[in-house]
Amino acid sequence: MLGFLCGEALRDLVRAGWIALSSVLLIALSLLTLGGFWVFSTNLGGAVARWREQLRIIVYLKTEPSPAAAGALGQRIRAAGDVAQVRYVSKAEALQTLRRQLGAQAAVADTLPQNPLPASFEVTLAETASTPEATRALVERLAALPEVEEVQGGTEWMERLTQLQRLLGLVGLGVGGVLGLAAILTVTTATTLVLHARREELDIMRLVGAPEAVIRLPLLLQGIGQGLLGALLALLGLVGAYRLVRPRLEPLVTLTLGLPHTAFLSPTAVATLLVSGALLGGVGGWLAKGRA
Amino acid sequence: MIELHRVSKVFSVGPVKVPALSDVSFRIGKGEFAVLCGPSGAGKTTLLRLLYRDEVPSGGRIDVADYNVGALPRSRVPELRRAMGIVFQDVKLLPARTVYENIAFVLRVLGTPRAEITPRAFAALKAVGLSARAQAYPAQLSQGEAQRVALARAIVKEPALLLADEPTGNLDEGIASELFDLLKDIWSRGTTVLLATHQAALAERLNRRTLVFHGGRLVKDAR
């Protein structure tokens, strides 16, 4: 029976001809757009995650504490939550670091009447603070400590990047969504045309007592078939474009985003695109099916 | 097999109510051959459409093979129709399929095992004397042959009841007579047959129970 249903669906697909082909192409186009934005967003997301791992918050102190007091303060900072590591940097160590950074001009530091650099703590964020909101909250908690002069570790640029990443995702979804809607309507039209062509067959099927599932399933299957075909085309297009662009774009991405390699869609994302295609086609077939 | 109790059917055409059947009651037993006779517009086709639940009665009760047809939910209509074969005046063959495919199509949509399809389709074609025309397309058939294919398609699922709505309406008398003989053959193998025709003389020659309709009423039940 399944063979018969699939055979009927294939026959319908051929019968729909050009209009079925245009539905397949529209589905491919919508998923290609969505997939393209997805690849871009994935790489940007990778860069943000990498930068976030390297992110440190510097907590500058009003006065240099005694070693015991520094240890106690370090404990309190750790207890502030969302903190992975805390490292105390004394005034002397800060000056030494400055000398290292100045290199040949290190002697300039020796001309200073006294060490002007404050003691500080370098705070490494925990995984739980990976959202901009959590990072901002931690900064506020640390700034509220009485020994603290200032907290640096601006997350604003990171927030902006995260927002850009979200915006890209939304634009991709929006454009893909509009194209997807057009694809659904085209599949519906293709299936409706098939329905008109099959009117006599459907009448006969009903008169001989064929179950409704047998009458309607081929319509749904041919919609799903168009969707899957479109999704496969979109994936082929994405792989082709990625292979073409990658060698030219990767050095630029490494330079600007700091990513060693660009990434393609994960197997889950590929499966999602395929399922989305099947769903787009299925919905189109289902909508037309209502007119059967 | 078929029982009608005070059945009526009224069609609404805008605000106008058109009665098609009024207060019709009769019973046809299992294995019986009955003829619905009457002029065009007498209500024969409406009655058949009620029997295969293409329409629902406006009043009364219809029972067909243990189904209360009027009260049957839509989801169970296919079940009722699987118990019957239907033949129409306009044959309704699928033009893009061969004679064999037209018949096999019925078995396929009903989920018949693949191995049974060909032997059963050819047995049905043999029963109507058209085995040699299996690969012909409907457009290549004469009207008489097309009607016989329609008959083969109706009997291929071995129904308990055969409904024939003016199957000889487009045929000349000689071919119509042959088709009636085929119907009698099918009936003689145990199928209940209900034939609707306006050809009173041909119906008379069948020498079977005849229910005469006029203006939507059953006016005579001659056994």
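Which helices of chain A meet both criteria: a Cα extent of 30 Å or more along the helical axis and a mean Kyte-Doolittle score no lower than -0.5, with helices taken as whole DSSP H segments?
On the way: long enough: A:2-54 (59 Å, 0.90); A:156-197 (60 Å, 1.02); A:212-257 (60 Å, 1.13); A:267-289 (32 Å, 1.23).
Helices meeting the span and hydropathy rule in chain A are A:2-54, A:156-197, A:212-257, A:267-289.
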Among the lysines, which fall within straight-line cross-link reach of A:LYS62, defined as a Cα-Cα distance under 18 Å, with same-chain neighbours fewer than 8 residues apart omitted?
-> A:LYS91
Compare A:LEU117, A:LEU185, A:LEU142 in a GNM of chain A, Cα atoms joined below 10 Å, and give the one with the largest fluctuation.
-> A:LEU117
So if we plug the beta-carbon distance of B:SER8 and B:GLU173 into 1/(1 + (r/R0)^6) with R0 = 30 Å, what FRET efficiency do we get, rounded to 0.05?
-> 0.30
Give the Cα extents of the protein assembly as shown along the principal axes, in whole Å, largest first.
-> 133, 47, 43
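What FRET efficiency do you get for A:ASN115 and A:LYS62 if R0 is 22 Å and r is their Cβ-Cβ distance, rounded to the nearest 0.05?
Values: r = 15 Å, r/R0 = 0.68.
Computed FRET efficiency for A:ASN115 and A:LYS62: 0.90.
B plus A alone minus the pair: what accessible area, both sides summed, probe 1.4 Å, in Å² to 100? All intermediate terms of the calculation are to be shown ahead of the outcome.
On the way: alone 10790 and 16060 Å², together 25340 Å².
Interface area, both chains combined: 1500 Å², rounded to the nearest 100.
When the dipole is taken about the Cα centre of chain A, and only Lys, Arg (+1) and Asp, Glu (-1) are charged at their Cβ, what size is it in debye, to the nearest 20?
Working: 25 positive and 21 negative charges, 110 e Å.
Charge dipole of chain A: 540 debye, to the nearest 20.
To the nearest 20 debye, what is the magnitude of the charge dipole of the protein assembly as shown about its Cα centre, counting +1 on the Cβ of each Lys and Arg and -1 on the Cβ of each Asp and Glu?
Working: 56 positive and 43 negative charges, 219 e Å.
Magnitude of the dipole: close to 1060 debye.
Give me the net charge for the shell around B:LEU125: Cβ to Cβ below 12 angstrom, other residues only, Lys and Arg +1, Asp and Glu -1.
Values: positive: B:ARG120, B:LYS126, B:ARG133, B:ARG148, B:ARG153; negative: B:GLU101, B:GLU145.
In short, +3.
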Residue-count net charge about B:ASP165 - beta-carbon cut-off 15 Å; Lys, Arg +1, Asp, Glu -1 = +1
Average projected area [Cα convex hull, the stretch A:17-63], square nanometres = 4.2
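Given charges of +1 on the Cβ of Lys and Arg and -1 on the Cβ of Asp and Glu, with all other atoms neutral, how large is the dipole of the stretch B:1-71 about its Cα centre, in debye to the nearest 20?
On the way: 9 positive and 7 negative charges, 30 e Å.
Value, rounded to 20: 140 debye.
Work out, in µm²/s and without decimals, the Stokes-Einstein translational diffusion coefficient of the stretch B:118-223 at 20 °C, 1.002 mPa s, Rh from Kirkwood over C-alpha pairs.
Working: Rh = 14.7 Å.
It comes out at roughly 146 µm²/s.
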Give me the Kirkwood hydrodynamic radius of chain B, using the inverse of the mean 1/r over all pairs of distinct Cα atoms, in Å to one decimal.
-> 17.9
What translational D, rounded to a whole number of µm²/s, comes out for the stretch A:177-218 from Stokes-Einstein when the hydrodynamic radius is the Kirkwood one over Cα pairs, at 37 °C and 0.692 mPa s?
-> 284
Grab chain B and count how many Lys pairs have their alpha-carbon atoms under 28 Å apart, sequence gap of 8 or more, or different chains.
-> 24
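Can I get the semi-axes of chain A's equivalent ellipsoid? Compute them from the C-alpha gyration tensor as square roots of 5 times the eigenvalues, in angstrom, largest first. Intermediate results must be reported in sequence, preceding the final value.
Numbers: eigenvalues 806, 82, 31 Å².
Semi-axes (√(5λ), whole Å): 63, 20, 13.
The values are calculated or read from the model by the stated rules, or taken from the named source; none is laboratory data. All values reported here derive from a predicted model rather than from experimental measurement. Glycine also receives a Cβ, built like all others from the backbone with ideal geometry; neighbour counts cover every protein chain displayed. Just the protein is used for accessible areas: all its heavy atoms, side chains included, with ligands, DNA and RNA removed. Shrake-Rupley method; radii C 1.70, N 1.55, O 1.52, S 1.80 Å.
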